[in-house]
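Everything below concerns the one structure shown next.
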Amino acid sequence: MLLALAPTSSSYQLSSSLPRRRLPVAPRLLMLNRIQVRTKEIQSIGSGSTARLSSQVVLPFSDTRAKHCAAILRLRDGDELKLGIVNVGICDNAAVRWVWPEGYEGGWDDMESVGADGHPKTKTRNKPGKGKQQRTNPVSLELTFNADESREVERPRVDLMLALPRPLQLQRMLPMIAQLGVGTLILTNAYKVEADYWGCHLLRQPDAVDDLLLEGLAQSGDVHLPRVVLAKRIQAFLEDDLDEVLPPEASLRVVAHPYPVQTPNTTLFPARLSQLGSPDVSTSSPQSPPPRILVAVGPEGGWDEGGHELGLLAGKGFNVVDLGPRILRSDVAANSLLALAHEQIRSWGQPEKQHTHS
């Protein structure tokens, strides 16, 4: 059974409390190193070749992104920030302007606008996140930029097939997976995956998955949301759908397993990822796809002891790799292998396109 999980926009919040004293829960400030916006949020405010700043995004102050810009980044009128247009590109010089309630002229409480000589005084800002309480908040934040000058970012050339972990573990892993960079995330079943994991609230709310992935993108500075695919029957998915979702051409497929295993057909001995060569890539056509790596990571208890699942994976061209003699949790193994996979792609002499991170 193959399901595509379409991302939508929504906020996702976690609650926390202390045993003896309940504290107010602050909204999660998800947008860190690059403020992420969607194309539907962009308004056109200019046209023609003379309109340098031709696009605008207006965020109400209740939006966590606006609050992050005010309280953490402490941006003020005229400042610039790094903007990411989800699944499109990046802009490093979006101009900031705060819109205040009608009739209010006080501005930010931590800034004095005019000195005794009648000239603007130096901005007196406290350390990021340490400003005093603002008495009157802005109505909204305007971000103005030239969308035509946004730079494209290549989608990650590493994909992950992950046996569905526990819901809380999945919730922690999604931002990390997006930070490291994944083009397609396949959440699959396995013998040791509990059936009730598929009914968790996270998988019933694509917008919550979307927000967790956006949190990771904002941290890393990337803009491409991973495509999320749910495969509830691993054998049917491998036999019928995998090659359609991720064509095997120019792709290296690896599966993590810490020791040799006997499958129904052969014995599989793990190797190091760095020992595997690059997939065959035709150089005769400029349209040839660049090489990719698909990493498969099993559940907490590992793949089934009988070797059936590893045999299925080997039959679809997966090479067994390990990370040494230690037994790792699936989240540690996934993060480690994703980092190694990106490094392996760079070592093949076809480096991924780079862009500025903060």
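The values are calculated or read from the model by the stated rules, or taken from the named source; none is laboratory data. The shown structure was predicted, so the numbers you read here are calculated from the model rather than taken from an experiment. In this analysis, Cβ positions are derived from the backbone assuming ideal geometry, glycine residues included, and neighbour counts consider all displayed protein chains. With ligands, DNA and RNA removed, areas are computed over all heavy atoms of the protein, side chains included. Shrake-Rupley method; radii C 1.70, N 1.55, O 1.52, S 1.80 Å.
Some observations on this one:
- Residue pairs meeting the criteria (Cβ under 9 Å; at least 6 apart or on separate chains; first in a loop (DSSP other than H, G, I, E, B), in region 313-328; second open to solvent by less than 40 Å² (accessible area, probe 1.4 Å) and of a type in the set (D, E, K, R)): K316/R253; G317/R253
- Filter result (over 13 Å from N93 (Cβ atoms) and under 22 Å from the mean Cα position of the chain (by Cα)) within region 137-157: E152, V153, E154, R155, P156, R157
- In region 63-104, residue least open to solvent (accessible area, probe 1.4 Å) [restricted to those that are in contact with a Ser or Thr (Cβ under 9 Å, 6 or more places away or on another chain) and part of a loop (DSSP other than H, G, I, E, B)]: V86
- Looking only at region 324-347, and only at residues there that are of a type outside the set (V, I, T) and more than 24 Å from the chain's Cα centre (by Cα), the one that is modelled with the lowest pLDDT: P325
- Inter-residue pairs, beta-carbon under 6 Å, first closer than 14 Å to F318 by Cβ and in region 256-273, second open to solvent by 50 Å² or more (accessible area, probe 1.4 Å), 6+ apart: F269/P260; L273/L340
- Any hit, region 312-323, residues being under 25 Å from R155 (Cβ atoms), buried (at least 19 other Cβ atoms within 10 Å of the Cβ) and of a type in the set (K, R): no
- The set of residues from region 146-165 being crowded, with 17+ Cβ neighbours inside 10 Å and assigned to a strand (DSSP E or B) comprises V158, D159, L160, M161, L162, A163.
- Any hit, region 166-189, residues being assigned to a loop (DSSP other than H, G, I, E, B), open to solvent by less than 30 Å² (accessible area, probe 1.4 Å) and over 21 Å from P289 (Cα atoms): no
Per-residue answers, yes or no, for (1) modelled with pLDDT of 90 or more; (2) under 14 Å from V37 (Cα atoms):
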position	(1), (2)
N189	yes, no
A195	yes, no
W198	yes, no
L203	yes, no
P206	no, no
L213	yes, yes
V223	yes, yes
